[in-house]
Amino acid sequence: MRVTSNSTRDGRDGRAIAVPVWPLWVLLLVPLAIALGKLPASPVSALFSDVFSLGHVPTSLHRHLEYVFFVPLSAIVVSVFRLTLGLRVLGFFRPILLAIAFREIGIPLGLMFLVVVLVSVAGLWPVLRTTPYYARVPVLLSVSAAFLVVPVMAARWFPWTSLVHLAYFPIIALCLISDTFAKLIERRGLRVAAWRASATVAAAVVITLVSNIHGAMQLPLRYPELLIAQVGCILVIGRFCAWNVLDGWSVFAASDRNARVRSAVPGDQTDAERTAQFRPLAPERGPASNS
């Protein structure tokens, strides 16, 4: 059966509209054609390998480009977790930021450090809950900075070289994760916050393991067209693979649904909830006239 369009919902009135899928084919087939053109047997192999390549980039930029390639790769993993598996995380960018930290200091050490920080922030939250946003975030930044500095100071008395590595944990990532985790405790409860944090850590671990595959981050240097293919993959996931397989599977799912606040964490509402939120209300009708 030939598929030419997909049906989706208009965000304003809820009507089904036809969305063409040919842009998805373009985003997937064009990079594939370029990659095939680079094969030695291709008559345009030399041309494509020279034009569509980053081999001429200085070696000093390779490390920076790896992080450029790292972000869209991470986005695919987060999309699979949220849309295909149906696992709610602490926001879209938190797993990516956490994966960057895991790449810097390692998964075991980073995970233990994150648990200590989240437990401490949860203990401080009763004090911070009534604090204005522009005061709460600076406090969390200061607390996060203290957690990064204390292990470095302790390394003077303890012969653990891994303590110094904790200073490489991105402080902004630590602050954002801590803030979201604490707000979830307030609005949904500790169990839901712990489950979302666990899903976030799982996504970050998967991102880290995939990026650590030998040659994975160097592959886009030879095939930069993969960045366009990644866009197509994410759109395919959103259009055809939003199955939410494990949505509601968590042992905390019941408490999550019962305690759900519609205006809670940004990005936490479902598509149907967003549609209902912005749907125009029908005009009220006054009492019928008897004249």
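Mind checking whether some residue in segment 132-151 is touching a residue at least 60 places away in the same chain (Cβ under 8 Å) and either surrounded by 12 or more Cβ atoms within 10 Å (Cβ to Cβ) or farther than 20 Å from GLU186 by Cβ (or both)? Give the derivation first.
Step one: of segment 132-151, the residues touching a residue at least 60 places away in the same chain (Cβ under 8 Å) are none.
For segment 132-151, residues touching a residue at least 60 places away in the same chain (Cβ under 8 Å) and either surrounded by 12 or more Cβ atoms within 10 Å (Cβ to Cβ) or farther than 20 Å from GLU186 by Cβ (or both): absent.
Within segment 168-219, track down each residue that is at negative phi and outside any helix (DSSP H, G or I). Spell out the reasoning first.
Within segment 168-219, the subset at negative phi is 168-188, 190-214, 216-219.
If the condition is that a residue be at negative phi and outside any helix (DSSP H, G or I), then PHE169, PRO170, ASN212, ILE213, HIS214, ALA216, MET217, GLN218 are the ones that fit.
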| Filtered residue count, segment 171-195, keeping only those that are surrounded by fewer than 18 Cβ atoms within 10 Å (Cβ to Cβ) and under 16 Å from the mean Cα position of the chain (by Cα) | 1
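For the condition buried (at least 21 other Cβ atoms within 10 Å of the Cβ), in a helix (DSSP H, G or I) and not hydroxyl-bearing (Ser, Thr, Tyr), what is the one hit in VAL121, VAL80, VAL116, VAL89?
Values: VAL80 fails: buried (at least 21 other Cβ atoms within 10 Å of the Cβ); VAL116 fails: buried (at least 21 other Cβ atoms within 10 Å of the Cβ); VAL89 fails: in a helix (DSSP H, G or I).
None of the others qualify; the one that does is VAL121.
Being in a loop (DSSP other than H, G, I, E, B) and surrounded by 12 or more Cβ atoms within 10 Å (Cβ to Cβ) is the filter here, so list the residues in segment 17-40 that pass it.
Taking segment 17-40 and keeping what is in a loop (DSSP other than H, G, I, E, B), we get 21, 38-40.
Within segment 17-40, VAL21, LYS38 meet the criteria.
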| remark: Filtering segment 41-66 for residues that are assigned to a helix (DSSP H, G or I) and surrounded by 13 or more Cβ atoms within 10 Å (Cβ to Cβ) leaves a count of 6
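Could you please let me know if LEU141 is over 19 Å from the mean Cα position of the chain (by Cα) and modelled with pLDDT under 90? Talk me through it step by step, then tell me what you get.
Details: over 19 Å from the mean Cα position of the chain (by Cα): yes; modelled with pLDDT under 90: no.
So LEU141 does not fit the description; no.
The values are calculated or read from the model by the stated rules, or taken from the named source; none is laboratory data. Owing to the predicted nature of the structure, the values given are computational and were not obtained by experimental measurement. Counting neighbours? That spans all protein chains shown, and the Cβs are built from the backbone with ideal geometry, glycine included.
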